[in-house]
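Comments concern the structure below.
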């Protein structure tokens, strides 16, 4: 029995590793189109920023670890361009065919690219190397960042840190793909304060026309699904691969995981496509487990995400108020700003938003913004969403208190009290 | 209608404030035996350490705010010594009688005191002032701290920070009241590393006999219940006041909240007495609300707590492995240590322990220890306990990931994966 895994980053390697633990005798081959496996692509902006000093800082495992310790064969430079389904074969770019019994498709997603000498993406380690080279040799003084999602905001910060004057162009009315006017306003203020000129509703037709020494394209991703789709694998409405809660596609024995696949949203119960690294790991693990013969489920995601924008932590989970309205809820939002610690421990103000449904009092989403204490708090909200907690359940949470760490009444609980008042 | 609240710190003031919001016409009187209201007693060790510079740093509200903004009468120096129940009167030390229609007893707890010139407690602002005076004028060089609970450990750190040689004496085999040998061993190592000599199973018969310039007594608290108990209010097995989930005692119209009262443990469902400030606030709010005529419930506590011990954060929630065994569960524990962030963001190792029941797979407790990233993680476990999550639910949590904040596979999720392996 041979398991072929297409993709050697988060989802693919998680799938391969889990499959090996489930079945020690399975033959496992990982096909990665790039030159490297297992690097944390999420760290690339910090490589440009100078926080990480080499691509090796971002590399979690080398192929050696997989081959020697886990008996997983890794082939880099192996791009799968087609599937021959009756024969159960993947076809590589050079025509080579590889037989599979089970297949995990974890081919990720790709950014929009523009072929222009001053235009850059930041999706692979090669992208980072090319940008670094340009920064060092050409010494650009101005940059236009196109796209106000995670990568766009992180790169605006990274390029400011490298001393460039930065303008951020976002085609839509919101930043961070979050339909939340207050969050966007707060971010715009912070960006402008850090001298990143921020233009909303500002689509850029042709990056080459921009008057900037460097153009960074961060306009979002498209899932790598073509070879699978051509072979009859069904896609969801998002364009990513449709899977069931075992990560299996409509074709038996073909699984998909990571940035190329949809998953369930735990608040709405509907399929969503939210490509993120930590989700990819979890999906990959479940896909690998099932491909190796176990039965395991993946419950879905809350869409939890966090980004650091020039010192400010911005985290969201679940639905925004507008999203919740569109999904048919009767949402209400409580927003509070309070210190995360006592003054004598240099507490900083942290803003918490909690959204609940008026009819059922169930929590639907939330956001946390601040210089400190953001990640822990968004994770508590994410846990509450997974547990389908009501506002009163959340208000009763027994959170830890001691002056070096928090206030007696945590901002999360102040927000919950505020929410209860609004629900009454 | 007059509501009398006995106690003007966390629980009492929460009760009074909530009662005012529920009923604008209620007459509300708060009787506080000490000279001040509303100071964060939890901050007293940090006043000695020098982190906070004056008792005012610890004061949240002055009586003025309550009297003018909330129409709540505050009387300091008013110690209630007895209850005349048929007449519905509280009796003050000087004999004055005050009528009540509803009563919230939030009289707190008191430490063991020894009358000796070199012996100190740290329970009130007066205690802190007396200790500060002694430190400044007598310049002690050695200190014995008696008691290895929160106050004992915080004070060991505070006195080390003031330059004293410190010996810690704990009568039992464990620190932090947590029946957890590994946690105690880890703490002892950390204390010794910071040159606090730590003696377990080392009861001190007579503090005056110790060869130390200063003796700090931190041997735990006793609930202030005598006046209520004499009037027929029932106590629980812990010796603290027994209340229902509305915070009402066995006597109708008499409520109790805060450090003097028991509450339910959300894991065992049984009454416990865990006196902590943040719990006191929540219990007070529910007591005040019900005393003012609403119906509100308090679900109980997980016993979540956190303490900083000379730079190390130590947090626990729910049951320890041994406690869970005694409570009749079949517990199993997963312990992992992993970096809280990538190396290039100076990630520090954080240890996570998760405990689950073999039979039901339900989470029962956990602990988190580390220099960073402790409070957020223990709060996620506390939320999971409140939601009665199973190990697999916890492993599926959609926690936030971005390199400045976390690793793609959070230590919490690594521990959950470890737990799943043990449960299989």
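Nothing in this text is a laboratory measurement; each read-out follows from the coordinates by a stated rule. The structure displayed is predicted, hence computed values, not measured ones. Virtual Cβ from ideal backbone geometry, glycine too; neighbours counted across all protein chains shown.
What base-10 log of the normalised intensity I(q)/I(0) is obtained for the protein assembly as shown from the Debye formula, alpha carbons as equal point scatterers, at q = 0.07, 0.09 Å⁻¹?
Each listed q maps to, in turn, -0.60, -0.93.
Relative to the longest principal Cα axis of chain A, at what angle does helix A:277-291 sit, 0 to 90 degrees, rounded to 10?
With rounding to tens, the tilt is 40 degrees.
Counting DSSP beta bridges with both partners in chain B, what percentage is antiparallel, nearest 5?
Here the share of antiparallel DSSP bridges comes out near 55 percent.
For region B:77-134, what's the relative contact order in percent, using C-alpha pairs closer than 8 Å and at least 6 residues apart?
16 percent
Mind checking the full-extension length gain between residue B:85 and residue B:251? Use 0.36 nm per residue of separation minus the Cα-Cα distance, one decimal, nm.
That works out to 58.8 nm of additional length.
Nearest to the axis that maps chain B onto chain A: list the chain B residue whose Cβ wins, with the distance in whole angstrom.
Whole-Å result, nearest residue of chain B to the axis: B:376, 1.
Evaluate the distance, in nm, between pseudo-label points positioned 7 Å from the Cα of residue A:139 and of residue B:61 along their respective Cα→Cβ axes.
6.1 nm
What average count of beta carbons from other chains do you get within 10 Å of the Cβ of residues in B:388-399?
6
Roughly speaking, what is the centre-to-centre gap between region B:194-230 and region A:317-356 when only Cα atoms are used, to the nearest Å?
43 Å
Of the beta bridges DSSP finds with both residues in region B:227-353, what % are antiparallel, to the nearest 5?
Taking every DSSP beta bridge within region B:227-353, about 90 percent pair in antiparallel fashion.
At 0.36 nm per residue, minus the direct Cα-Cα distance, what do residue B:68 and residue B:129 gain on full extension? Give it in nm, one decimal, please.
Result: 19.1 nm gained on full extension.
Using only the alpha carbons of region A:40-96, what is the convex hull's orientation-averaged projected area in square nanometres?
Averaging across all directions leaves 5.9 nm² for the Cα convex hull.
Starting from a label point 7 Å past Cα on the Cβ side, list the distances from residue B:56 to the same position in the other copies, nm, shortest first.
Reported distances to equivalent positions: 5.6 nm.
If I model a spin label at residue B:114 and residue B:422 as a point 7 Å from the Cα along the Cα→Cβ vector, what separation in nanometres do I get?
With each label point 7 Å from Cα toward Cβ, the separation is 3.9 nm.
Modelled label-to-label distance, residue B:209 and residue B:346, 7 Å Cα→beta-carbon offset: nm?
4.8 nm
Can you pull the Kirkwood radius for chain B, inverse mean 1/r over Cα pairs, to one decimal in Å?
This gives a value of 22.9 Å.
Evaluate region A:212-294: find the radius of gyration of its Cα atoms, find its Kirkwood radius, and give the ratio Rg to Rh.
Computed over Cα atoms, the ratio is 1.05.
If you restrict to DSSP beta bridges whose two residues both lie in the protein assembly as shown, what percentage is antiparallel, to the nearest 5?
Expressed as a percentage, antiparallel bridges in the protein assembly as shown total about 55.
Peptide B:50-57: average number of partner chain Cβ atoms within 10 Å per residue?
2
Tell me, B:259, A:209, B:230 in order of fewest to most beta-carbon neighbours within 10 Å?
A:209, B:230, B:259
Sort B:1, B:247, A:389 so the one with the fewest other Cβ atoms within 10 Å of its own Cβ comes first.
B:1, A:389, B:247
Between residue B:25 and residue B:244, what FRET efficiency follows from the Cβ-Cβ distance if R0 is 22 Å, with the result rounded to 0.05?
Given R0 = 22 Å and the Cβ-Cβ separation, E is 0.25.
Going 7 Å from Cα along the Cα-Cβ axis for the label, what nanometre distances separate residue A:141 from the same residue across the other copies?
Here the equivalent label points are 6.5 nm apart from this one.
Distance between Cα centroids, region A:22-101 to region B:231-284: provide it in whole Å.
58 Å
Note down the relative contact order for region A:173-256 as a percent, whole number, built from C-alpha pairs under 8 angstrom at least six residues apart.
13 percent
Compute the helix-to-body angle for B:10-22: its Cα long axis versus the longest principal axis of chain B, expressed 0 to 90° and rounded to tens.
Approximately 70 degrees, to the nearest ten.
Be a star and scan region B:109-151 for residues whose amide nitrogen sits under 16 Å from the point 7 Å along the Cα-to-Cβ vector of residue B:194.
B:143-151
Which value at 222 nm does chain A reach when only helices count, each DSSP H run of 4 or more adding -39,500 (n - 2.57), with the total divided by all residues and rounded to the nearest 500 deg cm²/dmol?
-8000 deg cm²/dmol
Sorted by mean Cβ packing within 10 Å, highest first, what order do the peptides A:312-319, B:90-97, A:194-201, A:380-387 take?
Ranked by mean Cβ neighbours within 10 Å, highest first: A:380-387, A:312-319, A:194-201, B:90-97.
How big is D for region B:98-207, in µm² s⁻¹ as a whole number, if Stokes-Einstein is applied with the Kirkwood radius of its Cα pairs at 10 °C and 1.306 mPa s?
Result for D is 102 µm²/s.
What nm distances, shortest first, do you get from the label point of residue A:112 to those in the other copies when the point sits 7 angstrom along Cα to Cβ?
7.2
Could you list log10 I(q)/I(0) for region B:301-340 at q = 0.24, 0.25, 0.29 Å⁻¹, which the Debye formula gives when each Cα is one point scatterer?
-0.96, -0.98, -1.03
Pairs of alpha-carbon atoms within less than 8 angstrom and 6+ residues apart define the contacts here; what relative contact order does chain A have, in percent?
Computed value for chain A: 14 percent relative contact order.
Pairing the Cα long axis of helix A:125-138 with the longest principal axis of chain A, what angle in degrees results, from 0 to 90 and rounded to the nearest 10?
Around 70 degrees separate the two axes.
If region A:1-154 were replaced by its equivalent ellipsoid, with semi-axes equal to the square roots of 5 times the Cα gyration tensor eigenvalues, what would those be, largest first, whole Å?
Result for region A:1-154: semi-axes of 33, 18, 12 Å.
GNM on chain A, C-alpha springs below 10 Å: top fluctuator among A:334, A:205, A:19?
Highest fluctuation of the listed residues: A:205.
log₁₀ I(q)/I(0) of region B:141-200 at q = 0.23 Å⁻¹, via Debye over equal Cα point scatterers, no solvent, to two decimals?
-0.84
Taking Cα atoms of region A:308-424, Rg/Rh with Kirkwood Rh, to two decimals?
0.97
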